[in-house]
Amino acid sequence: MKTIGIISDTHSYWDEKYLYYFEPCDEIWHAGDIGSLEVAQKLAEYRKFRAVCGNCDGGDLRQLYPETLRWRCEDVDMLMKHIGGYPGNYDPSIRGQIMARPPQLFISGHSHILKVKYDKMLNLLHINPGAAGLQGWHKDRTIVRLTIEGSKFTDCEVIALGPPRK
């Protein structure tokens, strides 16, 4: 059993709340637009860290983190990409891979729109944790916690961090 903290679109912003809410987590997954090496390093120092680069991430982050990441967590086939779309409207850059070999859990970011949606056609769960940083038009900063036990997802929890201060 693993508890996972899922975050996206920090855009270089650090908030101590990340560590507070990810304290019970075994791993932290960042779905891109990390924004700075410092944010990635702080999260990686704290827990096992996986990330993909986003469209706003610079060369240093692109060298460290791939655009697409596929792996197994427990008995679950995972896929993560920053720009991914959502069930019924997957981004063309990942649609072929999803349709040819659907993962059981697909994580994306980019839209700054929190979305947890089950794709009945492909039998996969899609999670976009929304945006945890200050940049963008979102009204609340959000992250997600999820427990994976074997091939089951439990305790999916959306955590609101408060409005972005502009």
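The values are calculated or read from the model by the stated rules, or taken from the named source; none is laboratory data. Computed from a prediction, not measured in an experiment: that's the story for all the values here. With ideal geometry, Cβ positions are generated from the backbone for all residues, glycine too; neighbour counts draw on all protein chains shown. With ligands, DNA and RNA removed, areas are computed over all heavy atoms of the protein, side chains included. Shrake-Rupley method; radii C 1.70, N 1.55, O 1.52, S 1.80 Å.
Just a few scattered comments:
- Full-extension gain in nm, Gln63 to Lys115, via 0.36 nm per residue minus C-alpha separation: 15.9 nm
- Which of His110, His82 is most accessible, then next, and so on - probe 1.4 Å: His110, His82
- When all protein chains stay in place and ligands, DNA and RNA are ignored, the 1.4 Å accessible-area order of Trp137, Trp14, Trp29, largest first, is Trp137, Trp14, Trp29.
- Accessible area of Lys17 in the full protein assembly, 1.4 Å probe (Å², nearest 10): 90
- Cα centroid separation - region 1-65 against region 92-134, whole Å: 17
- The heavy atoms of Asp33 offer some 0 square angstrom of accessible surface to a 1.4 angstrom probe.
- Listed values for region 110-120 are Karplus-derived 3J(HN,Hα) couplings in whole Hz (6.51 cos²θ - 1.76 cosθ + 1.60, θ = phi - 60°), namely 6, 6, 6, 10, 4, 8, 10, 9, 8, 9, 5, and x replaces Gly and Pro.
- Per-residue [θ]222 nm for the chain (sum of -39500 (n - 2.57) over DSSP H runs n ≥ 4, rounded to 500): -4500 deg cm²/dmol
- One decimal place: the segment Arg72-Lys48 gains 7.2 nm when fully extended, by the rule 0.36 nm per residue minus the C-alpha distance.
- Solvent-accessible area of region 102-141 (1.4 angstrom probe, protein heavy atoms only): carbon and sulfur portion equals 59 percent.
- Largest first and in whole Å, the equivalent-ellipsoid semi-axes of region 35-100 read 23, 16, 9, each the square root of five times a Cα gyration tensor eigenvalue.
- Annotation: Ser36 carries an accessible surface of approximately 20 Å², with a 1.4 Å probe and no ligand, DNA or RNA atoms counted.
- The chain, dipole about Cα centre (Lys/Arg Cβ +1, Asp/Glu Cβ -1), debye to the nearest 20: 380
- Gyration tensor verdict on region 78-166 (Cα atoms; rounded if a/c is under 1.5, prolate if a/b is larger than b/c, oblate otherwise): oblate
- Geometric extent, Cα atoms of region 118-166 - Rg, Dmax (angstrom): 13.7, 42
- These residues, Met78, Met121, go from largest to smallest accessible area, 1.4 Å probe, as Met121, Met78.
- Applying 1/(1 + (r/R0)^6) with r as the Cβ-Cβ distance of Asn123 and Asp26 and R0 = 30 angstrom yields a FRET efficiency of 0.75.
- Rg/Rh ratio calculated on Cα atoms of region 64-113 (Kirkwood radius): 0.95
- Dipole of the chain [Lys/Arg +1, Asp/Glu -1 at C-beta], most positive-end residue of His11, Tyr21, Pro92: Pro92
- Set of region 5-22 residues, backbone N closer than 20 Å to the point 7 Å along the Cα-Cβ line of Glu38: 8-20
- Compared with the rule-of-thumb size 2.2 N^0.38 Å for a compact globular protein, the chain has a Cα radius of gyration ratio of 0.94.
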